[in-house]
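S.K.: Next up is a structure, given as structure tokens.
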């Protein structure tokens, strides 16, 4: 590939498919336009998944992020109407090394290139994604932009790099960003029991607060006979209790949990009402903050479908799907009292730990019926190692227990017996 970025005629007309990736620290990567042409700015993150790019693109947790795929060949299986995790692509930009020239799958209904163009997603290809990923691992995720087409020019001449870097640095940071309201459903909807339970009375009713929910999550509950009411992130405790839930679920989602004041207060009201609670990803961070623990931004986060996590109680290691840039700051290896109000929320343990870097990957409350994990047990896309967590939630609701204590050991013993 030529490194000529600004192939133009004297009139300033762009005659190439040149594109440029610009990082806030001044490093640039030349490439080719992929998808829509123009400018996009966001936080640059990398995803280590080998498959599931369509699920990644449509995951609301990637709102305001430019995603770098570390797998070199992307687009091989095209796109279809079955795999999206929401109604649209949420990534603000897409970076790949070698896009597929044509889709090759019996399930394909179109090309990735055409879908990116249709939805106006600016991307870049033909860059060294290995070098970019190493840079982000060394320096940490940062803001960046993809610029292509006429946006590479000003007055018919190439835009100065300093101008492009300045544009990136003027963009909002992910720290302090409260984004759940930007991706949440505007209206509540219901997912009825499915599969073997279709057409039957629900075994339980769960209210799922949509902070950026993936469509597979309520489906996993519905497959277990649960009726799921998915409600907007702006819902109040009165809205939730009016649905007479047997349990409340908080979903994944984008942004800084430290800025999610409403979600934290809503969850405290749920815990005070004694309703069993299960949260994943952002829902884990919200539980942490509701209990009084802090959260912090990871250097480059966990994003992919190959992350090893250990259940502390059973010592079982699961390969799991992740998408998070923030983590809960809670002590590992010992019980602790909830910092916010020890008498109100009691004892808490870290139930799961990431084996790559000892990041907190789950919380279990020992005196109230609440637990959460940082990863994605719905496995879209990803392994199915953690699907048992939905059974654990159902067990908590069925048991009527006033605590989540012992759930890990009980589920682990049942799993061992089955095997």
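The values are calculated or read from the model by the stated rules, or taken from the named source; none is laboratory data. On a predicted model such as this, the values are computed, not experimentally measured, just so you know. Glycine also receives a Cβ, built like all others from the backbone with ideal geometry; neighbour counts cover every protein chain displayed.
S.K.: Starting from residues that are surrounded by fewer than 21 Cβ atoms within 10 Å (Cβ to Cβ) and part of a loop (DSSP other than H, G, I, E, B), keep the ones in the stretch 252-273 and report whichever is farthest from the chain's Cα centre (by Cα).
M.R.: Here the residue is 273.
S.K.: Here's a follow-up. What are the residues in the stretch 29-56 that are in contact with a helix residue (DSSP H, G or I) (Cβ under 9 Å, 6 or more places away or on another chain) and within 15 Å of residue 305 (Cα to Cα), if any?
M.R.: Listed by number, the residues that qualify are 45, 46, 47, 48, 49, 53, 54, 55, 56.
S.K.: Which residues, taken from the stretch 108-120, are part of a loop (DSSP other than H, G, I, E, B) and either free of Cβ contacts under 8 Å to residues at least 24 places away in the same chain or within 18 Å of residue 73 (Cα to Cα) (or both)? Don't jump to the end; show me each part of the working.
M.R.: Taking the stretch 108-120 as the starting set, the residues that turn out to be part of a loop (DSSP other than H, G, I, E, B) are 108-109, 111, 119-120.
108, 111, listed by residue number.
S.K.: Oh, and also: For residue 219, are the conditions met, namely being surrounded by fewer than 20 Cβ atoms within 10 Å (Cβ to Cβ), under 16 Å from residue 280 (Cβ atoms) and either in contact with a strand residue (DSSP E or B) (Cβ under 8 Å, 6 or more places away or on another chain) or in the same structural domain as residue 262 (by TED's automatic domain parsing) (or both)? Reasoning before the result, please.
M.R.: On the way: surrounded by fewer than 20 Cβ atoms within 10 Å (Cβ to Cβ): yes; under 16 Å from residue 280 (Cβ atoms): yes; either in contact with a strand residue (DSSP E or B) (Cβ under 8 Å, 6 or more places away or on another chain) or in the same structural domain as residue 262 (by TED's automatic domain parsing) (or both): yes.
Judged against the criteria, residue 219 is a match.
S.K.: Looking only at the stretch 84-98, decide whether some residue is free of Cβ contacts under 8 Å to residues at least 60 places away in the same chain and more than 19 Å from the chain's Cα centre (by Cα). Break it down into steps so the answer makes sense when it comes.
M.R.: Here is the first cut: in the stretch 84-98, the ones free of Cβ contacts under 8 Å to residues at least 60 places away in the same chain are 87-89, 91-93, 97-98.
Those left that are additionally more than 19 Å from the chain's Cα centre (by Cα): 97-98.
Yes, there is a match, as at least one residue in the stretch 84-98 is free of Cβ contacts under 8 Å to residues at least 60 places away in the same chain and more than 19 Å from the chain's Cα centre (by Cα).
S.K.: Moving to a separate point now. Hey, could you check the stretch 276-305 for residues that are out of contact with any helix residue (DSSP H, G or I) (no Cβ under 7 Å at 6 or more places or on another chain) and in a helix (DSSP H, G or I) and say which is nearest to residue 251 (Cα to Cα)?
M.R.: Residue satisfying both the conditions and the ranking: 283.
S.K.: Within the stretch 373-387, is there a residue that is at pLDDT 95 or above, surrounded by 24 or more Cβ atoms within 10 Å (Cβ to Cβ) and in contact with a helix residue (DSSP H, G or I) (Cβ under 8 Å, 6 or more places away or on another chain)?
M.R.: Among the residues of the stretch 373-387, at least one is at pLDDT 95 or above, surrounded by 24 or more Cβ atoms within 10 Å (Cβ to Cβ) and in contact with a helix residue (DSSP H, G or I) (Cβ under 8 Å, 6 or more places away or on another chain), which makes the answer yes.
S.K.: Another one. Give me the pairs: first residue in the stretch 156-167 and in contact (Cβ under 8 Å) with a residue 40 or more places away in the chain, second residue part of a helix (DSSP H, G or I), beta-carbon distance under 8 Å, and six or more apart or on different chains, which are they?
M.R.: 158/152
S.K.: If you check every pair at least six apart or on different chains, which have Cβ atoms under 9 Å apart with a residue in the stretch 224-252 that is without any contact (Cβ under 8 Å) to a residue 40 or more places away in the chain and at positive phi first and a residue that is assigned to a strand (DSSP E or B) and surrounded by fewer than 19 Cβ atoms within 10 Å (Cβ to Cβ) second?
M.R.: 244/205
S.K.: Going residue by residue through the stretch 45-57, is there one that turns out to be at pLDDT 95 or above and farther than 25 Å from residue 110 by Cα?
M.R.: Yes.
S.K.: So which residues in the stretch 327-349 are crowded, with 23+ Cβ neighbours inside 10 Å and within 21 Å of the chain's Cα centre (by Cα)?
M.R.: Residues satisfying the conditions are 327, 328.
S.K.: Could you tell me how many of the residues in the stretch 60-85 are at pLDDT below 95 and within 23 Å of residue 256 (Cα to Cα)?
M.R.: 1
S.K.: Condition first: surrounded by fewer than 17 Cβ atoms within 10 Å (Cβ to Cβ) and either in contact (Cβ under 8 Å) with a residue 60 or more places away in the chain or not assigned by TED's automatic domain parsing to the domain that holds residue 255 (or both). Now tell me which residues in the stretch 184-214 satisfy that.
M.R.: Passing the criteria: only 203.
S.K.: I've got another one for you. Where residues in the stretch 388-417 are more than 19 Å from residue 281 (Cβ to Cβ), touching a strand residue (DSSP E or B) at 6+ places or on another chain (Cβ under 8 Å) and part of a loop (DSSP other than H, G, I, E, B), which of them is modelled with the lowest pLDDT?
M.R.: 405
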